[in-house]
Every structure is written in structure tokens, then in C-alpha cells.
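**Student:** Once you've had a glance at the structure underneath, I'll fire off some questions.
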Amino acid sequence: MHPKAKEWTAILAAAMILAYVSTAAVTQMHDYAFWSISLAGVGVFAAICGALLALVNKRAIASTITASAIATLIFAGLWSYIFWSFLGEYLSFLEIFISNLFFLWVLPQSALILTITTLSGLSGLVFVKAIVPERYQPQQL
Amino acid sequence: MSQDRERTQRFAYVALLLMGTVAVFALIMDVSNYIRSFESASGLALEITGFEIIDDDNPRALARFRLKNGSALDIGVERYLFELYLNGQRIGSSYSQYLGTDPNMDPKAHRKAAMIDQVLMPGQDIALEFTVYVYDTQMAIVRQAQRNGSLSWQVNAEFNTVLPYAREQNRITLRAEYEE
């Protein structure tokens, strides 16, 4: 597989994991989630993803931050879609984006998710870099 | 690239891919369940089918409803609470206590009657009947309305439901009107 493709599939896989745990961590979803989780659990998963990305990708810091950013975008997009599916009769998708639901709920939650996943992901990455011998880590550019 | 490095990288990559794949399916399933569950709640409809006022020493109203599951999924209904209004004025509720003197009457009996504890299949409806004890001050409103000949009943009912895919109960408020 082309190294770039491998790098991006790893980032997307990490982003999907983080998007799922973030969505399942939201109170409203607890009763419906296949497996609900707390915000602390999101941090643990983010650390695991950061650690795995540190072992797969050469540019691990950029990969971890990108995975967190993509996960947050998926999270915000999904919740906007959920609100739109409930309120679609009354509001257009664009109107959802300029509504209080978006500014007072989706945006703060997304900021929280982005902060937790980025910081925990980077912690996991630093941990792996510190304890795993260099011969097991990808060669830096 | 050394063999150790390659093996570690492969292991981490496969772990990420496996967890990522599971996450995609779980995410789609959860969001779909959540949306379908709430859509099914909007399929519940309440209809008042009749009222009967019994104006004796122990005045009460016999209210008859019909609850219909118009959604495509099963909905569990556990119990309900309701408030009854006549021409916009509150007449009583499922909390109204029996104030009569009959020693054989259990004052809490009507609360037991508010239990449904059934799962409504798609398209299924259930007929409910409830006795509301009407206090004297509120009975005066009923008598006045009966004399004027304009009786417009309204019911605000709160149903404790277990929606499809949900583990916890949800409260759904339904309103219905009835003109005599």
C-alpha cells in the first residue's frame, strides 16, 4: 500500500473511533448507544488512538491532531443532521446551522470533544514515544 | 525499516483499522436507532372518545381516551398522568383524590387504574377509561358550562414510555380536545 494511503486510512480509522466514542458519550445518546461511555472514556480512547498513530505514522503529532479535528467535524455534522431530522419540517439544514441548537449545543460540545481528544491523543503519543524503544517506532522524516 | 519496526507498525495499523471499522458500524447503528426512536414517539396519538359527568354526592367525570401507536415500531407504555380542562379551566387530574365517605373505596385506586404496562404494536390502539374526582369548587364550573351548553374538554396527558432501542423511560406529553 502507498505510504500516504496507509497514513490517511490510519488517521480516518482513528477519527471514526473518536467520533463514535464522542457521540456515545453525549447524554442524549446514552440510552440508545450500542455501548455508552463517559467523557473520561473518550479521553482513554483518544490516548489509545494517539499511541497507535505514534506507532503507525511518521508525522504522529500532525496525524493525532488531524484525527481529532476530523472526529469533531463528524460529531458536529452528525448532531446537526440529527437535529435537522427532527426539525426538518420547520427548519432548513442551513437554518439549523444558525440556530441556538447549533451555537448553544453543538458548538460547545464540539469544542469540548476537540479539546479532550487532542490533549488525550497527544498524551498517548508522548507516552508511547517515551516508553517504546526507538527501533519499534516509525523512522522520522 | 527493521523487522521489529515493521511488525509493530502492522500491528498498530491493523488494530486501528479493526476498531475504526467497528466504530463506523456502531456509529451508523446508534444514530439511526436514536432518530427512529424519536420519530416513533411522534407517531403516538391521543384521542378523547367520550366524557360522562356523574353529579351525585361524590361528583366525578368518567373520561374515555384512545391511545394509538401510528409509528412503524413497537412502543412500550407504562403509565400515564393527565390533567383535565373544561373550556380552558382546570377541572381535575389523575392526582385528584377520592374525597367521599365510602370506607370500601381505596383513595389510591385510581392511580392503579392509570397503569397501562403494555407494548403497543404498530397501528395498535388501546382504549383507556379513567375516573376523575371533581372537587365542589370545580364542579360549579362544570354545572355552569352544562347550563350554557358549551362543553369543550381538553386533556394534557403525560405518558411514561419505553421507546424502541431505548433502555430508559421517556416522558411524552400528548394533548387532545373534545367538543360536546
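Each reported figure results from applying straightforward, stated rules to the coordinates on display, with no laboratory input. Note that the structure is a prediction, hence the values are computed from the model and not measured. Because the Cβ atoms are built from the backbone with ideal geometry, glycine has one as well, and the counts that use them run over all protein chains shown.
**Student:** Taking square-rooted eigenvalues a ≥ b ≥ c of the alpha carbon gyration tensor, is the stretch B:68-180 rounded, prolate or oblate, where a/c under 1.5 means rounded and, failing that, a/b exceeding b/c means prolate?
**Tutor:** oblate
**Student:** Turning to a different aspect of this structure: What are the ³J(HN,Hα) couplings of the stretch B:169-179, residue after residue, when phi is run through the Karplus curve with 6.51, -1.76, 1.60 and θ = phi - 60°? Round to Hz, x for glycine and proline.
**Tutor:** Karplus-based 3J(HN,Hα) across the stretch B:169-179 equals 6, 10, 9, 10, 9, 10, 10, 8, 10, 8, 9 Hz.
**Student:** Under a plain spin-label model, where a point goes 7 Å from the Cα along Cα-to-Cβ, how far apart in nm are residue B:62 and residue B:117?
**Tutor:** Simple spin-label model gives 2.5 nm for this pair.
**Student:** Sort the stretch A:1-129 into rounded, prolate or oblate with this rule: let a ≥ b ≥ c be the square roots of the eigenvalues of the Cα gyration tensor; rounded if a/c is under 1.5, and if a/c is not under 1.5, prolate when a/b is larger than b/c, oblate otherwise.
**Tutor:** Prolate.
**Student:** For chain B, take the longest principal axis of its alpha carbons; what is the angle in degrees between that and the long axis of helix B:3-41, to the nearest 10 within 0 to 90?
**Tutor:** For helix B:3-41, the angle is close to 20 degrees.
**Student:** By how many nm would the segment from residue B:49 to residue B:179 grow when fully extended, if each residue of separation counts as 0.36 nm and the alpha-carbon distance is taken off?
**Tutor:** Working: separation 130, 0.36 × 130 = 46.80 nm, distance 1.02 nm.
Full extension of this stretch gives 45.8 nm more.
**Student:** Calculate for the protein assembly as shown the 222 nm mean residue ellipticity that helices alone would give, adding -39,500 (n - 2.57) per DSSP H run of length 4 or more and normalising by residue count, nearest 500 deg cm²/dmol.
**Tutor:** -16500 deg cm²/dmol
**Student:** Roughly speaking, what % of Cα-Cα pairs in the stretch A:2-44 are separated by over 15 Å, rounded to a whole number?
**Tutor:** Details: 425 of 903 pairs.
Within the stretch A:2-44, distances greater than 15 Å cover 47 percent of Cα pairs.
**Student:** Once you average over the residues of B:24-37, how many Cβ atoms of partner chains fall within 10 Å of each Cβ?
**Tutor:** 6
**Student:** Another question, then. So what's the protein assembly as shown giving for Cα Rg divided by 2.2 N^0.38 Å, two decimals?
**Tutor:** Dividing the Cα radius of gyration by 2.2 N^0.38 Å gives 1.45.
**Student:** So for chain A, averaging the separation of alpha carbon pairs under 8 Å that are six or more residues apart and normalising by length, what relative contact order in percent results?
**Tutor:** Values: 163 pairs, mean separation 48.2, N = 141.
Once normalised by length, the contact order is 34 percent.
**Student:** Further question on the same structure: Give me the aspartates and glutamates in straight-line cross-link reach of residue A:6: C-alpha distance below 19 Å, same-chain residues under 8 apart excluded.
**Tutor:** Straight-line reach from residue A:6, under 19 Å: B:4, B:6.
**Student:** Identify the GluC sites (Glu not before Pro) of the stretch A:1-103 meeting these criteria: DSSP loop state and at most 15 other C-beta atoms within 10 Å of the C-beta.
**Tutor:** Passing sites in the stretch A:1-103 are A:89.
**Student:** Another question about this same structure. For chain B, which longest stretch is free of loop sites, where a loop site is one of the chymotrypsin sites (Phe, Trp or Tyr not before Pro) that DSSP puts outside H, G, I, E and B and that has at most 15 other Cβ atoms within 10 Å? Please report the intermediate quantities before stating the final value.
**Tutor:** Working: sites that count: B:95, B:135.
Result for the longest clean stretch: B:1-94.
**Student:** If the only charges are +1 at each Lys and Arg Cβ and -1 at each Asp and Glu Cβ, what is the size of the charge dipole of chain A around the Cα centre, to the nearest 20 debye?
**Tutor:** 680 debye
**Student:** Among B:134, B:35, B:121, which residue has its Cα positioned farthest towards the positive end of the charge dipole of the stretch B:1-141, with +1 placed on the Cβ of Lys and Arg, -1 on the Cβ of Asp and Glu, and the dipole taken about the Cα centre?
**Tutor:** B:35
**Student:** Further question: Residue B:21 to residue B:168: FRET efficiency via 1/(1 + (r/R0)^6), r the Cβ-Cβ distance, R0 35 Å, to the nearest 0.05?
**Tutor:** For residue B:21 and residue B:168, the calculated efficiency is 0.75.
**Student:** So, R0 is 51 Å and r is the distance between the beta-carbons of residue B:39 and residue B:136; what FRET efficiency does that work out to, to 0.05?
**Tutor:** 0.70
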